[in-house]
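Just below is one structure, and these are the notes that go with it.
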There are 2 protein chains.
Amino acid sequence: MPLNVKNEKKRVAKIYAVGVGPGDPELLTRKAERIIRTVPVICTPTGTADASSYALSIVEEFIDRSRQEVLVQVFPMRKDQEGLDEFWEKAADEVAERIGQGLDVAFITIGDPFLYSTFLYLYRIFRKRYSHIPIEVVPGITSVGAASVAAGLPLGMASDRIAILPTTYEDAELRKTFREFDTVVLMKVNRVFDRVYALLRELGLDKNAAFVRRVGSSDEEVVFDLATLVGQKLDYLSLLIVKK
Amino acid sequence: MPLNVKNEKKRVAKIYAVGVGPGDPELLTRKAERIIRTVPVICTPTGTADASSYALSIVEEFIDRSRQEVLVQVFPMRKDQEGLDEFWEKAADEVAERIGQGLDVAFITIGDPFLYSTFLYLYRIFRKRYSHIPIEVVPGITSVGAASVAAGLPLGMASDRIAILPTTYEDAELRKTFREFDTVVLMKVNRVFDRVYALLRELGLDKNAAFVRRVGSSDEEVVFDLATLVGQKLDYLSLLIVKK
């Protein structure tokens, strides 16, 4: 996207997609901190889920509301974000309006913007409708990385094979993945935990796993005795690491 | 590990395993920066590979050599680190000596300490021989995350399945993984690139991939036209992201 800088006095504003990590403000990158402290507009999605306002709470200490706008964008809470295009398009319009005024916008997202983040829905809309607006993505510490550290279970060493799965899978498929990979990470495992636990028992892997909830936050919890979780209502921000 | 703080005036020293990210000093976490600026001893592995002194070069600007010791530990360069136990044991002894003097030691590693890092070999030795020494792992931005951002290829969205593979695999196994996963990341692909490229051509996936070398450094390069890489000597710090 060539910018005719000579004829264009006004600086072209930019969207930063900033990963703010799993919860601990110290796990932000230096780059994320610098951008959040300096941009005039900080944009954060919210819904009925805690997950959304959570991103804002992680970076609150870096924001000066007397000179920075915090633009909270509400989305209906759904199992996934497909079918919410009208909401994302409205959100994109709001961001584009600030960009048009020459204001940089930081869109914050927990974890990393390129790993299962809600930003990816907005990214798709921007690419389609506002392809002239530059987007810079700032990677963040993922919940996967932080959870492996919290549980003391390395994700991969030497020739280990790693699989990261969302929660949409069948037992047969999952069984095969457990057979073929050394480390399997199951994201948002709360919805399917009992079914997964039964499978781990069957495969003799139930002692080789850690359930991690709200990693990086003050509510962080690591559970190795998976039997205690069966039948419980589990946290939305949870994952399971299974090591062979 | 209970510490009898009442009877023990001397603070117990600690090992920090600090991920310093893929190369850009701004991609360190705030926590990594704080620890590197304050610990009396910074420990870094080196060999004939660039990869090792590379970690030190990333954090050089945070180190004050007038009050901090930089302990460089040399390991022979091998295809992998198995069989180098005597070197790791000597390194562990050197670290344990500083810990015994009450000095905190930060062991720095590129990327994340829990994802294919050389620290994991040292970790194993510490767990076995110095299990009384506390180890705190500080996660870092991985080359996988940074490369996906550099290439503009999100690792996973919604129900995407992700596989991360080292370079030890057979064509049949790799073909199956490409079939079953939405995103496949091949680490250290330099050694097997031509073979992988032939397979991608066969599967019609050669246009859906990005080769990323030395992500986050000033030598970072992203190549989408994979054909140009065939027959070339490729960088050690390189990976391939393949998206369906």
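Please specify each residue of the stretch A:112-132 satisfying the condition of being modelled with pLDDT of 95 or more and either β-branched (Val, Ile, Thr) or in a strand (DSSP E or B) (or both).
Within the stretch A:112-132, just A:Leu115 meets the criteria.
Which number in (1) open to solvent by 30 Å² or more (accessible area, probe 1.4 Å); (2) more than 29 Å from A:Pro45 (Cβ to Cβ) marks the one condition that A:Gly156 misses?
So A:Gly156 meets the others, but not (1).
For the stretch A:27-49, indicate whether the set of residues that are at pLDDT below 90, among the hydroxyl-bearing types (Ser, Thr, Tyr), over 16 Å from the mean Cα position of the chain (by Cα) and not in a strand (DSSP E or B) is non-empty. Please lay out each step first, then the result.
Keep residues of the stretch A:27-49 that are at pLDDT below 90, which gives A:45-49.
Of the ones still in play, those that are also among the hydroxyl-bearing types (Ser, Thr, Tyr) are A:46, A:48.
With the extra rule that they be over 16 Å from the mean Cα position of the chain (by Cα), the set shrinks to A:48.
Checking the rest, the ones that are also not in a strand (DSSP E or B) come to A:48.
Scanning the stretch A:27-49 turns up at least one residue that is at pLDDT below 90, among the hydroxyl-bearing types (Ser, Thr, Tyr), over 16 Å from the mean Cα position of the chain (by Cα) and not in a strand (DSSP E or B).
Of the numbered conditions (1) part of a helix (DSSP H, G or I); (2) buried (at least 24 other Cβ atoms within 10 Å of the Cβ), B:Ala150 fails exactly one; give the number of that condition.
(2)
Can you name every residue in the stretch B:155-178 that is in contact (Cβ under 8 Å) with a residue 24 or more places away in the chain and more than 7 Å from every other protein chain (Cβ to nearest Cβ)?
B:Thr167, B:Asp171, B:Leu174, B:Arg175, B:Phe178
Just to be sure before I move on: is B:Ala91 crowded, with 20+ Cβ neighbours inside 10 Å, among the small types (Gly, Ala, Ser) and more than 8 Å from chain A (Cβ to nearest Cβ) in the structure I sent? Please lay out each step first, then the result.
Working: crowded, with 20+ Cβ neighbours inside 10 Å: yes; among the small types (Gly, Ala, Ser): yes; more than 8 Å from chain A (Cβ to nearest Cβ): yes.
Criteria met by B:Ala91.
What residue, of B:Glu86, B:Glu61, is open to solvent by 20 Å² or more (accessible area, probe 1.4 Å) and within 12 Å of chain A (Cβ to nearest Cβ)? I'd like the intermediate steps shown before the answer.
Numbers: B:Glu86 fails: within 12 Å of chain A (Cβ to nearest Cβ).
Within the list B:Glu86, B:Glu61, the selection yields B:Glu61.
Of all residues in the stretch B:24-45, how many are over 20 Å from B:Glu94 (Cβ atoms) and open to solvent by less than 10 Å² (accessible area, probe 1.4 Å)?
Of the residues in the stretch B:24-45, the ones over 20 Å from B:Glu94 (Cβ atoms) are B:24-34, B:37-38.
Restricting the remaining residues to those that are open to solvent by less than 10 Å² (accessible area, probe 1.4 Å) gives B:28-29, B:32.
Count: 3.
What number of residues in the stretch A:135-147 are open to solvent by 30 Å² or more (accessible area, probe 1.4 Å) and assigned to a loop (DSSP other than H, G, I, E, B)?
Initial filter on the stretch A:135-147 (open to solvent by 30 Å² or more (accessible area, probe 1.4 Å)): A:135-136, A:142-143.
Filter once more, keeping what is assigned to a loop (DSSP other than H, G, I, E, B): A:142.
Residues flagged as open to solvent by 30 Å² or more (accessible area, probe 1.4 Å) and assigned to a loop (DSSP other than H, G, I, E, B) within the stretch A:135-147 amount to 1.
Restricting attention to the stretch A:116-134, and to residues there that are free of Cβ contacts under 8 Å to residues at least 40 places away in the same chain and at the interface with chain B (Cβ under 9 Å from one of its Cβ atoms), which single residue is least open to solvent (accessible area, probe 1.4 Å)?
A:Leu120
Got a number for residues in the stretch A:191-213 being surrounded by 19 or more Cβ atoms within 10 Å (Cβ to Cβ) and either more than 10 Å from A:Leu226 (Cβ to Cβ) or in contact with a His (Cβ under 6 Å, 6 or more places away or on another chain) (or both)?
2
Please give the strands (runs of 3 or more DSSP E) falling wholly within the stretch A:159-225 in which 1 or more residues are within 30 Å of B:Lys188 (Cα to Cα). Talk me through it step by step, then tell me what you get.
Numbers: elements: A:162-165, A:183-187, A:209-213, A:221-223.
The qualifying strands (runs of 3 or more DSSP E) are A:162-165, A:183-187, A:209-213.
Identify, please: which residue in the stretch A:203-221 is among the acidic types (Asp, Glu) and without any contact (Cβ under 8 Å) to a residue 24 or more places away in the chain and is, among those, nearest to B:Arg30 (Cα to Cα)? Don't jump to the end; show me each part of the working.
First, the residues of the stretch A:203-221 that are among the acidic types (Asp, Glu): A:206, A:219-221.
Cutting the leftovers down to without any contact (Cβ under 8 Å) to a residue 24 or more places away in the chain gives us A:206, A:219, A:221.
Details: A:Asp206: 35, A:Asp219: 21, A:Glu221: 23 Å.
Ranking the candidates gives A:Asp219 first.
Considering only residues of the stretch B:226-244 that are in contact (Cβ under 8 Å) with a residue 60 or more places away in the chain and either in a loop (DSSP other than H, G, I, E, B) or not basic (Lys, Arg) (or both), which is most open to solvent (accessible area, probe 1.4 Å)?
B:Lys244
Mind listing just one residue for me: the one in the stretch B:180-191 that is farther than 15 Å from A:Arg161 by Cβ and modelled with pLDDT under 95 and, of those, nearest to the other protein chains (Cβ to nearest Cβ)? So that I can check it myself, show each step before the final result.
The first filter runs over the stretch B:180-191 and keeps only residues farther than 15 Å from A:Arg161 by Cβ, leaving B:182, B:190-191.
Filter once more, keeping what is modelled with pLDDT under 95: B:190-191.
Working: B:Asn190: 16, B:Arg191: 13 Å.
The selected residue is B:Arg191.
Enumerate the pairs (first residue in the stretch A:142-154 and within 7 Å of chain B (Cβ to nearest Cβ); second residue anywhere and part of a helix (DSSP H, G or I) and surrounded by fewer than 24 Cβ atoms within 10 Å (Cβ to Cβ)) with beta-carbon separation below 9 Å, excluding pairs fewer than 6 apart on the same chain, so at least 6 apart or on different chains.
A:Pro154/B:Leu120; A:Pro154/B:Tyr123
Which condition does A:Ile99 not pass, out of (1) in a strand (DSSP E or B); (2) more than 8 Å from every other protein chain (Cβ to nearest Cβ); (3) aliphatic (A, V, I, L, M), if it passes all the others?
Here A:Ile99 clears every test but (1).
The values are calculated or read from the model by the stated rules, or taken from the named source; none is laboratory data. Remember, predicted model here, so these are calculated numbers, not experimental data. When we count neighbours, we look across all protein chains shown, and the Cβ atoms used for this are built from the backbone with ideal geometry, even at glycine. Ligands, DNA and RNA are excluded from the accessible area calculation, which covers all protein heavy atoms including side chains. Shrake-Rupley method; radii C 1.70, N 1.55, O 1.52, S 1.80 Å.
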